[in-house]
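Right, one structure below, let's go through it.
The values are calculated or read from the model by the stated rules, or taken from the named source; none is laboratory data. Small disclaimer: the values here were computed from a predicted structure and weren't measured. Don't worry about glycine lacking a Cβ; one is built from the backbone with ideal geometry, like all the others, and counts go over all protein chains shown. Surface accessibility is based on the protein's heavy atoms, side chains included, excluding ligands, DNA and RNA. Shrake-Rupley method; radii C 1.70, N 1.55, O 1.52, S 1.80 Å.
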Amino acid sequence: MSWLSRRVAGFPTTVFSEFSALATRHKAVNLGQGFPDFDGPDEIKEAACRAIRGGVNQYAVGAGAQALRGAIAQHARRFYGQEVDPDTMVTVTSGATEALFDAVMGLVDPGDEVIVFEPFYDSYVASIEMAGGVARFVLLRPPDATHRAWWFDAAELEAAFGAKTKLVVVNTPHNPTGKVYTRGELELIGRLCERHGTAVLADEVYEHIVFSPARHLRVATLPGMAERTLTVSSAGKSFSFTGWKIGWAIGLPALRQAVQQAHQFVTFASAAPLQAAVSEALALPDAYFTKLSASYRAKRDRLVAALSAAGLTPMAPEGSYFVMADTSRYAFEDDFACCRFLTREAGVAAIPPSAFYGEAHRREARHLARFAFCKTDALLDEAATRLARLPELASRR
Ligand code: PMP
Ligand code: GLN
């Protein structure tokens with residue numbers, strides 16, 4: 001007999017838990033789950049310790065500590081010229097994951113449809129299902145002779161809209177492909193949303209990890225988008241503190257209210273001393289953010305070179321800290337078989353991206369693997385050394 005509700009019974013164990021456990025068991029270099037193997041700035045760690053020692057240890061204000069909401073508003077003005085009222089337009093959550101969940105819970109009624117680009121960050125579809133919504137998928141296709149980056153077919157997107165479309169989820173920069181949506185693409189999405197009265201959930205957690213000439217556009221700042229866009233971000237990626245789980249949602253009061261209504265009864269408030277520290281992190285000088293991108297750009301190039309040398313064909317990302325690689329040359333049965341082989345035999349863990357597709361399109365990823373480069377150079381070099389043996393290991397299969 002199973003105690004599970006129908007709501008959760010169909011969920012698999014997340015691919016991140018599965019592959020991090022496999023990596024530990026086989027002492028593999030973990031380029032699977034996306035978390036840095038280094039910490040964020042010392043002064044921000046100190047700020048957290050100071051907050052704990054200084055008695056910031058009881059519930060924060062539910063919507064988020066005032067200092068952090070103020071810092072989120074300042075940051076939005078500094079980087080995007082976006083005017084944010086910290087009192088009515090911000091909710092601080094336990095990671096972007098909670099903000100996304102709250103947004104879906106607060107906006108989606110049973111039977112409502114939500115457009116999601118595939119591949120997708122895995123919590124979107126789980127959240128939509130828990131809300132009783134229906135995900136409608138639009139495929140992102142890999143770069144080819146006529147597209148220098150991952151792309152979608154405009155007619156396919158248009159056809160996904162219908163009378164029940166409540167929400168479109170746009171993740172830019174995109175996990176797992178590294179795509180940074182262009183102005184033209186975002187404007188097209190905006191026009192369709194306007195026509196159908198649809199809201200946009202913009203997951204911008206990688207907003208500060210973008211490689212020029214690509215440029216991150218805050219979706220909410222495009223013409224006509226402020227009134228229909230909820231922006232989600234997180235301290236995890238921008239400050240390398242994924243374990244702190246401090247995230248937030250920003251939106252005009254009518255939309256932000258949807259997040260706040262759910263947030264009150266999901267977590268009520270998130271970790272108070274960490275909120276104090278993140279409010280200092282958001283005020284770091286521009287140089288911090290420039291260096292973050294430059295450092296990830298060098299790591300990207302390091303990993304891309306290692307993957308190419310190993311006979312995998314990387315698709316260099318424009319943003320995020322992931323690279324998708326084409327593994328066709330090794331003719332594995334599918335991406336799970338490939339990533340299990342990489343983890344167990346080559347000692348380098350990667351994520352099988354079919355976990356980020358709905359049932360119908362899962363096969364699109366059978367020859368792909370996702371590698372994370374949010375790792376020290378020493379670890380990336382160790383991965384390169386191990387991957388260099390791949391051709392020989394694979395030939396002995
Ligand atoms: N969205 C995307 C695209 C992500 O990659 C992640 C990182 N796991 C999240 C949301 C969740 O962020 P957080 O860890 O702040 O919950
Ligand atoms: N965002 C990270 C990734 O995509 C980790 C997600 C997680 O562990 N839930 O790898």
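So the values come out like this:
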quantity	calculated
Unmet requirement for ALA384, which otherwise passes all of (1) touching an Asp or Glu at 6+ places or on another chain (Cβ under 7 Å); (2) open to solvent by 10 Å² or more (accessible area, probe 1.4 Å); (3) under 17 Å from ALA23 (Cα atoms)	(1)
Qualifying position, being among the β-branched types (Val, Ile, Thr), out of contact with any Asp or Glu (no Cβ under 6 Å at 6 or more places or on another chain) and within 16 Å of ligand 2 (Cβ to nearest atom), among VAL108, VAL116, VAL84	VAL116
Verdict on SER354 being polar (S, T, N, Q) and free of Cβ contacts under 8 Å to residues at least 60 places away in the same chain	yes
Segment 62-95, residues that are in contact with a helix residue (DSSP H, G or I) (Cβ under 7 Å, 6 or more places away or on another chain), part of a helix (DSSP H, G or I) and crowded, with 24+ Cβ neighbours inside 10 Å	LEU68
ALA65 vs. criteria aliphatic (A, V, I, L, M), over 18 Å from LYS375 (Cβ atoms) and either within 16 Å of ligand 1 (Cβ to nearest atom) or in contact (Cβ under 8 Å) with a residue 24 or more places away in the chain (or both)	yes
Subset of segment 212-239 that is over 19 Å from GLY190 (Cα atoms) and surrounded by fewer than 21 Cβ atoms within 10 Å (Cβ to Cβ) - its residue that is farthest from ligand 2 (Cβ to nearest atom)	PRO213
Matching entry among LEU100, LEU22 (being closer than 30 Å to THR385 by Cβ, in contact with a strand residue (DSSP E or B) (Cβ under 7 Å, 6 or more places away or on another chain) and within 16 Å of ligand 2 (Cβ to nearest atom))	LEU22
Residues of segment 148-205 satisfying the condition of being β-branched (Val, Ile, Thr) and either open to solvent by less than 10 Å² (accessible area, probe 1.4 Å) or in contact with a strand residue (DSSP E or B) (Cβ under 6 Å, 6 or more places away or on another chain) (or both)	THR165, VAL168, VAL169, VAL170, THR172, THR177, VAL180, ILE189, THR198, VAL200, VAL205
Output for segment 278-330, where each listed residue is surrounded by fewer than 16 Cβ atoms within 10 Å (Cβ to Cβ), among the small types (Gly, Ala, Ser) and more than 24 Å from ALA149 (Cα to Cα)	ALA283, ALA287
Those residues of segment 15-36 which are within 16 Å of ligand 1 (Cβ to nearest atom) and open to solvent by 60 Å² or more (accessible area, probe 1.4 Å), in sequence order	SER17, GLU18, GLN33, PHE35
Odd one out for ALA131, checked against (1) closer than 19 Å to PHE322 by Cα; (2) under 21 Å from the mean Cα position of the chain (by Cα)	(1)
Selection count where residues are buried (at least 21 other Cβ atoms within 10 Å of the Cβ) and either of a type in the set (Val, Ile, Thr) or farther than 15 Å from ASP42 by Cα (or both), scope segment 240-259	10
Test: residue in segment 237-255 that is farther than 27 Å from ALA281 by Cα and away from ligand 1 (no atom under 12 Å from the Cβ)	yes
Subset of segment 376-397 (residues that are part of a loop (DSSP other than H, G, I, E, B) and either over 22 Å from the mean Cα position of the chain (by Cα) or closer than 16 Å to ALA346 by Cβ (or both))	ALA388, ARG389, ARG396, ARG397
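This table checks each residue for (1) at pLDDT 95 or above; (2) within 16 Å of ligand 1 (Cβ to nearest atom); (3) small (Gly, Ala, Ser).
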{"residue": "PHE38", "(1), (2), (3)": "yes, no, no"}
{"residue": "ILE44", "(1), (2), (3)": "yes, yes, no"}
{"residue": "GLN58", "(1), (2), (3)": "yes, no, no"}
{"residue": "VAL61", "(1), (2), (3)": "yes, no, no"}
{"residue": "GLN82", "(1), (2), (3)": "yes, no, no"}
{"residue": "PRO86", "(1), (2), (3)": "yes, no, no"}
{"residue": "SER94", "(1), (2), (3)": "yes, yes, yes"}
{"residue": "LEU100", "(1), (2), (3)": "yes, yes, no"}
{"residue": "GLY111", "(1), (2), (3)": "yes, no, yes"}
